[in-house]
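A short worksheet on the structure shown next.
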Protein chains: 2
Amino acid sequence: MSLLVIGTVAFDAIETPFGKTDKILGGAATYISLAASYFTKKVNLVSVVGEDFPVSNISMLQKHCVNTDGLQVLKGQKTFFWAGKYHNDMNTRDTITTELNVLEHFNPIVPEHYLDCEFLMLGNLVPKVQQQVIAQMKQRPKLIVMDTMNFWMDIAMNDLKETLKMVDVLTINDEEARQLSGEYSLVKAAQKIMKMGPKFLIIKKGEHGALLFHNEQVFFAPALPLEDVFDPTGAGDSFAGGFIGYLAETKDISFDNMKRAIIFGSAMASFCVEKFGTEKLIGLSQEQLDKRVQEFVDLVQFDIALV
Amino acid sequence: MSLLVIGTVAFDAIETPFGKTDKILGGAATYISLAASYFTKKVNLVSVVGEDFPVSNISMLQKHCVNTDGLQVLKGQKTFFWAGKYHNDMNTRDTITTELNVLEHFNPIVPEHYLDCEFLMLGNLVPKVQQQVIAQMKQRPKLIVMDTMNFWMDIAMNDLKETLKMVDVLTINDEEARQLSGEYSLVKAAQKIMKMGPKFLIIKKGEHGALLFHNEQVFFAPALPLEDVFDPTGAGDSFAGGFIGYLAETKDISFDNMKRAIIFGSAMASFCVEKFGTEKLIGLSQEQLDKRVQEFVDLVQFDIALV
């Protein structure tokens with residue numbers, strides 16, 4: 001089934017202990033679309049860039065079967081730009097520069113031929129903008145997944161809570177789950193957040209994996225222990241892209257299938273962090289993907305026969 | 001097969017956000033022995049206490065089929081005492097008091113009828129004392145597991161490295177693995193540490209689970225997401241006890257069986273933290289244990305058919 005992805009397409013300048021980049025391709029919707037493209041060939045992108053955005057990036061997305069009809073290119077304006085520097089532990093970072101540019105007055109327009117998409121991925125954006133996208137859909141999608149961040153909890157909590165009521169799955173990190181719920185225990189946090197709207201909650205713990213909650217059920221997917229995490233930028237979005245891409249292709253939104261989707265999402269995140277930016281997500285082979293998923297299987301599977 | 005456990009038997013006074021205890025039963029060997037007793041009935045304890053140690057604690061251990069012939073009771077002396085206070089996140093703690101007492105000149109004497117034990121668990125202790133125990137054994141045990149901590153890396157690194165050469169499995173936490181190896185990446189840290197002696201390395205990550213390394217293989221066991229972690233004291237020792245208790249009973253030290261052992265160890269740790277001190281580890285039923293292990297199975301098992 002068709003997948004609609006809304007989120008930022010951006011330039012990032014990244015510094016990690018391993019090196020430094022000039023302006024490279026980034027943005028939540030970029031990572032989500034690329035990761036999803038390994039599972040479904042029906043990825044439809046809605047985003048906005050400026051005149052400075054290279055056509056080669058658009059071609060690259062199209063080569064990954066991402067439909068870019070919904071990518072607005074605003075004349076005389078500049079693409080959203082973020083610069084950040086990661087600390088040595090790679091778990092924390094400082095924002096050096098944020099230039100909103102085209103994002104400042106972003107008015108998402110979902111093209112007519114996207115309006116019946118049955119899977120909707122709302123990348124991290126102003127909560128009001130996320131709502132505007134849902135409002136445009138012809139009928140309520142089969143599954144709406146939403147990402148967000150602490151920034152919106154700080155400055156737009158009411159809007160965020162309104163969006164939460166409209167979605168099925170929320171993906172946030174552990175600190176954000178604590179902030180949103182006011183609970184330190186992630187189990188308690190999850191129970192509170194699922195009362196705010198989403199029936200499913202994914203708590204991302206970075207190098208410590210991810211938890212999926214639904215009613216009383218809980219599933220845990222590890223992160224793959226890697227020799228080096230080169231650049232964590234986009235890991236959460238790659239995770240979300242693999243997750244919803246797999247669900248959109250299999251059309252099965254049961255808890256058991258979400259488990260599989262989370263493993264595929266984790267695999268995409270593990271690729272993402274191995275190189276700067278989107279580099280590793282471009283042109284992966286099926287063989288590489290299968291091998292990586294097998295590593296996840298080997299990492300956690302055990303065989304205990306209970307009496 | 002018989003299991004020999006060496007380590008501290010102590011009094012702890014613990015403060016957590018949930019409450020405060022007076023002097024209660026604690027010590028690495030206490031937790032290890034209790035946890036192991038749910039898997040094997042042949043646990044032999046070597047430790048030391050003072051005259052102030054209540055006989056009721058000894059009876060309790062014996063009721064759990066722990067042989068206490070090797071527990072020295074030193075007349076006119078006092079039991080090792082530790083007092084600590086956990087911070088709100090439960091991951092860090094301050095030591096308020098450490099009174100070594102009987103531990104100051106602890107000379108471990110392994111009783112004659114323990115000397116052919118085939119499984120040896122060296123709880124966290126002065127590395128030289130750990131060596132003395134190995135030296136007393138009639139023949140080299142089938143498996144030696146060693147726990148240690150950053151304190152010994154700070155003040156007795158050379159002794160620690162000597163002990164490392166003599167053991168098969170090392171259990172340490174993630175920060176200690178980084179300190180011991182000088183590597184931030186746990187994958188790289190593991191490769192370096194396994195060159196120091198132990199063929200197997202278990203890195204404990206507290207609420208984030210545990211990793212088992214052996215050659216190029218790696219296995220990950222999650223921690224159970226709990227509503228409340230009441231008191232983390234003894235979690236690592238309970239983990240080690242369940243781990244070696246299961247191995248001693250099944251007599252199988254293959255990587256696959258160690259995976260199972262780590263799940264049982266994780267189950268014991270999850271019980272441990274639900275109450276203060278050893279309280280939850282006393283008198284658990286087989287039904288409780290089976291139910292808990294099933295929760296681990298449900299938490300991580302998924303079914304992906306790769307093409």
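Bear in mind that the values in this text are calculations on the coordinates, not laboratory data. These numbers were taken from a predicted model, which means no experiment stands behind them. Cβ coordinates were reconstructed from backbone atoms using ideal geometry, including for glycine residues, and neighbour counts include every protein chain displayed.
Sorting A:R292, B:R260, B:R140 from the fewest to the most surrounding beta carbons within 10 angstrom yields B:R140, A:R292, B:R260. When each of B:C272, B:C117 is scored by the number of other beta-carbon atoms lying within 10 Å, the sequence from fewest to most is B:C117, B:C272.
Relative contact order of the stretch A:1-97: 32 percent, from C-alpha pairs under 8 Å at least 6 residues apart in sequence. Label-to-label distances for B:V187 across copies, nearest first, come out at 3.2 nm, using points 7 Å from Cα in the beta-carbon direction.
When the C-alpha to C-alpha distance is required to be over 21 Å, the pairs from A:K20/B:K205; A:K20/A:K275; A:K161/A:K188; B:K78/B:K138; B:K63/B:K280; A:K275/B:K192 that qualify are A:K20/B:K205; B:K78/B:K138; A:K275/B:K192.
Computed on chain A, with alpha-carbon pairs under 8 angstrom and 6+ residues apart, the relative contact order is 17 percent. For A:V187, A:V169, B:V300, the sequence from fewest to most other C-beta atoms within 10 Å is A:V187, B:V300, A:V169. Relative to the Cα centre, the charge distribution of the stretch A:3-298, modelled as +1 at Lys and Arg Cβ and -1 at Asp and Glu Cβ, gives a dipole magnitude of about 720 debye. Overall, the ratio between the Cα radius of gyration of the stretch A:118-229 and 2.2 N^0.38 Å, rounded to two decimals, is 1.07. Counting charges near A:Q131 (Lys, Arg +1; Asp, Glu -1) among other residues having Cβ under 12 Å from its Cβ returns a value of +1. Separation of the stretch B:92-167 from the stretch B:14-63 is 17 Å, based on Cα centroids. Electrostatic bookkeeping for B:A221 treats Lys and Arg as +1 and Asp and Glu as -1; over the other residues with beta carbon under 12 Å from its beta carbon, the sum is +4. Once the C-beta distance of A:D159 and B:N215 is scaled by a Förster radius of 60 Å, the resulting FRET efficiency is 0.70 to the nearest 0.05. Summary: within chain B, the longest segment free of GluC sites (Glu not before Pro) located in DSSP loops with at most 14 other C-beta atoms within 10 Å is B:105-215.
Report the local net charge at A:A83: Lys and Arg +1, Asp and Glu -1, summed over other residues whose C-beta lies under 11 Å from its C-beta. With Lys, Arg at +1 and Asp, Glu at -1, the net is -1.
Counting from the shortest, the label point at B:I109, 7 Å from Cα toward Cβ, is 9.1 nm from the same position in each remaining copy.
Placing a label point 7 Å from the Cα of B:M157 along the Cα-to-Cβ direction, the distances to the matching points in the other copies come to 4.7 nm, shortest first.
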